[in-house]
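Just below is one structure, and these are the notes that go with it.
Bear in mind these aren't lab numbers, they're just calculated from the coordinates by the rules spelled out. This is a predicted model, so every value here is computed, not measured. Every residue, glycine among them, receives a Cβ derived from its backbone with ideal geometry; neighbour counts consider all protein chains shown.
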């Protein structure tokens, strides 16, 4: 079965092809969908559905999407759905990390979790949403050069290295995205 992934990120497509074995997955650009999709939901699940619905409705084919971010317990679960825009629209990953660390200054509770909501919308109206989480703690300063986003300050439970220091293959086994799409993959098998 062919799925359109509501993203312009070819790296996500590659990662998902490893998770959902045997699925034919292409980006929305490759499928001819070039519109920007406004993510105006209040949860990761709502934003994932907004993206998947838009592509499914426009192209009339099964569409998948995800929305993910970092929730920090000491900050009332911020940045949450605003993770990518936390330091402003044109901010870099480094800017976002600096802002977060500044807000965490003096806070002892370093617990955080990465969250991913994965959605599938079918042309017949069926929708599936699955959530994956990876719990961990935030460091006081970045470590490592791999990954992206908040990876240099996030140490997953059971590890002594940040996501930015863990080899990508190992990170993919425990990531929030992997957990969400593993669940979605099981649901797809029943379609």
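Miscellaneous remarks
- Candidate values [x] 1.17; [y] 1.03; [z] 1.31 were compared with Cα Rg over 2.2 N^0.38 Å computed on the shown model; the agreeing label is [y].
- Look at the alpha carbon pairs under 8 Å that are at least 6 residues apart: their mean separation over the length of the chain gives a relative contact order of 18 percent.
- Tensor-based shape of the stretch 33-114 (alpha-carbon gyration tensor, a/c under 1.5 rounded, otherwise prolate or oblate): prolate
- Only helices enter the 222 nm calculation for the chain: every DSSP H run of n ≥ 4 contributes -39,500 (n - 2.57), and dividing by all residues gives -9500 deg cm²/dmol, rounded to 500.
- Ranked by how many other beta carbons lie within 10 Å on average, peptides 37-44, 105-112 from highest: 37-44, 105-112
- Normalised by 2.2 N^0.38 Å, with N the number of residues, the alpha-carbon radius of gyration of the stretch 104-191 equals 1.29.
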